[in-house]
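Working notes for the structure below.
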Ligand code: F6P
């Protein structure tokens, strides 16, 4: 499907490159370690086919920033294998500045604030200054990338596309736009936010809110997962900057330009997950146990503490599940330098210990807790064989776990998806059971309902869920973005996107 998507050459700008660099201890050489995410799967082929470039942080602090980026390993089968090193622009940031920008401003301020948890947000002028500087650095690198692209493709009629990603880089667009205008260079600029955009009452707490809005409005199109986030953004532009807005058409006027705002819900590489589920070996616990599955980065937005308490409540309220149901919680370590994440790790360790201590019998423990990464094969097998996916974030931009679970549900009869209404996924996966994670008792009731749901109802719900995710996969998202930018060159007939 990705062969059918094309545009003018694209420069993708993201905090992380689509792979990280690691130093091989034995040889001393740098090596690429591929990323398996859906974003990379969809976007990398478009960058490679269009002879574009990818600008980002390489995941390592090098003593010599001119040390060349290695080519991919000849056996590399991942989507970035064809991304030549000359097409990769590494942004090197001095260690202290990076720490202040990434751990401080991005993950200590924007992450909690945009997830509507302002009490957890730290507002620091120092972090903001470094965020500003790092954004400038990314913009400079993007500008050089654009110049080299235009020089290389001087006969091309297509306008190059700059696609900036996420809350790390909300300021970069204007510097790129201004420099391009000064040099009389054509380019279209798009931005996509992978996390929620908060309501005005929350957003206004950020002391430098104007600059964030102005930065995002430096793009021609700003995309969010769902309409609610679009409306929040439009609202903030009107109330904070006094922009003229058109809510129906999702347009914001600013600085003599009109910026498009669009809901572009991200999907997953559906067929890849189906294939993984078809080939993955069985890895589940004992055969007569039902598994309730949780898979998340260890992040306070994911509602992990609430989830464990809801499971504990299930065992109290519905003792028929004792020794028959296990919660398998996979928590992937994340942002381990940030204190909030360290505290959560401790809290989870204690809670798992307490609940297991309370209910464990000689042949059963209620919670299996994995703090670490699992392979894609294992993950697909867990998704396939779980009776219930318990996806209960307190707030989440989209949540791809809900979608990956659905893709892997190839067993007959299938399992049940339980999802929080506070995730983007909860807004659109209507056939799932909706569960408010803040109401522990009600969440236990919903989980009980999922565990006891009749087979025909499970099949009906899952069929609808799978059908939607198959069509609205990550390539569909990629196409929708290009279409919203007016940059899609259709190569596969007259398909019309709604
Ligand atoms: O969901 C937002 C996001 O920044 C993703 O883009 C990223 O994959 C994930 O969170 C993990 O973030 P980090 O790059 O900080 O590990």
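Read-outs: derived from the displayed coordinates by stated rules, not from any lab. Keep in mind the model is a prediction, meaning the values are calculated, not measured. Glycine also receives a Cβ, built like all others from the backbone with ideal geometry; neighbour counts cover every protein chain displayed.
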Checklist outcome for this item: Of the convex hull drawn through the C-alpha atoms of the stretch 372-470, the volume per residue in Å³ is 99 Å³
Next on the checklist: Can you compute the FRET efficiency between residue 122 and residue 76 using 1/(1 + (r/R0)^6), with r the Cβ-Cβ distance and R0 = 35 Å? Round to the nearest 0.05.
Outcome noted: 0.35
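Can you give the calculated 222 nm mean residue ellipticity of the chain, where each DSSP H run of n ≥ 4 adds -39,500 (n - 2.57) and the sum is split over every residue, rounded to the nearest 500 deg cm²/dmol? Before the final figure, lay out the partial values.
Details: 17 runs with 196 residues, N = 498.
One gets -12000 deg cm²/dmol as the mean residue ellipticity at 222 nm.
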Checklist entry - At a Förster distance of 25 Å, what's the computed FRET efficiency of residue 452 paired with residue 297, Cβ-Cβ distance as r, to 0.05? => result 0.25
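Label the stretch 191-262 by shape, choosing from rounded, prolate and oblate, from the square roots a ≥ b ≥ c of the eigenvalues of the Cα gyration tensor; if a/c is under 1.5 it is rounded, and otherwise prolate applies when a/b is larger than b/c, oblate when it is not.
Working: a/c = 1.37, a/b = 1.09, b/c = 1.25.
Since a/c stays below 1.5, the shape of the stretch 191-262 is classed as rounded.
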Next on the checklist: For Cα pairs less than 8 Å apart in space and 6+ apart in sequence, what is the mean separation divided by the residue count of the chain, i.e. the relative contact order in percent?
Outcome noted: 14 percent
Next on the checklist: Quick check on the stretch 152-224: take the gyration tensor over C-alpha atoms, sort the square-rooted eigenvalues as a ≥ b ≥ c, and tell me if it's rounded (a/c under 1.5), prolate or oblate.
Outcome noted: prolate
Checklist outcome for this item: Taking N as the residue count of the stretch 122-194, its alpha carbon Rg divided by 2.2 N^0.38 Å gives 1.23
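With an 8 Å Cα cut-off and a minimum separation of 6 or more residues, compute the relative contact order for the stretch 338-453 in percent.
Numbers: 130 pairs, mean separation 22.4, N = 116.
Computed value for the stretch 338-453: 19 percent relative contact order.
Please give the direction-averaged projected area of the C-alpha convex hull for the stretch 257-324, in square nanometres with one decimal. Walk me through the intermediate numbers first.
On the way: hull surface 35.5 nm².
Computed as one quarter of the Cα hull surface, the answer is 8.9 nm².
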Next on the checklist: Just to be sure I understand the model, the point goes 7 Å from the Cα along the line to the Cβ. What's the resulting residue 363 to residue 334 distance in nm?
Outcome noted: 3.8 nm
Checklist entry - Any idea what the alpha-carbon Rg over 2.2 N^0.38 Å comes to for the stretch 192-311? => result 1.51
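On full extension of the chain, what length is gained from residue 133 through residue 60, given 0.36 nm per residue of separation minus the C-alpha to C-alpha distance? Could you put the intermediate results ahead of the total?
Details: separation 73, 0.36 × 73 = 26.28 nm, distance 1.87 nm.
So the extension gain works out to 24.4 nm.
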Item to check | Order of 105, 230, 243 - criterion: other Cβ atoms within 10 Å of each residue's Cβ, fewest first | outcome: 243, 230, 105
Item to check | Where N is the number of residues in the chain, Cα Rg divided by 2.2 N^0.38 Å | outcome: 0.99
Checklist entry - Mind checking the angle between helix 455-471 and the chain's longest principal axis? C-alpha axes, 0 to 90 degrees, to the nearest 10. => result 10 degrees
Item to check | the stretch 286-364-the stretch 230-273 distance, computed between alpha-carbon centres (Å) | outcome: 37 Å
Checklist outcome for this item: The extension gain from residue 31 to residue 289, computed as 0.36 nm times the residue separation minus the Cα-Cα distance, is 88.7 nm
Checklist outcome for this item: With a Förster distance of 56 angstrom and the Cβ-Cβ distance between residue 200 and residue 460, calculated FRET efficiency to the nearest 0.05 equals 0.90
Checklist outcome for this item: Simple spin-label estimate for residue 158/residue 345, 7 Å along Cα→Cβ, in nm, reads 4.4 nm
Next on the checklist: How high is the relative contact order of the stretch 86-130? Use alpha-carbon pairs under 8 Å, at least six apart in sequence, and give a whole percent.
Outcome noted: 40 percent
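What translational diffusion coefficient, in µm²/s and rounded to a whole number, does the Stokes-Einstein relation yield for the stretch 286-427 at 37 °C and a viscosity of 0.692 mPa s, taking the hydrodynamic radius as the Kirkwood radius over Cα pairs? All intermediate terms of the calculation are to be shown ahead of the outcome.
Values: Rh = 15.5 Å.
This corresponds to a translational diffusion coefficient of 212 µm²/s.
Roughly speaking, what is the stretch gain from residue 471 to residue 257, that is 0.36 nm per residue apart minus the C-alpha to C-alpha distance, in nm to one decimal? Please list the in-between numbers first.
Values: separation 214, 0.36 × 214 = 77.04 nm, distance 3.40 nm.
Gain on stretching residue 471 to residue 257: 73.6 nm.
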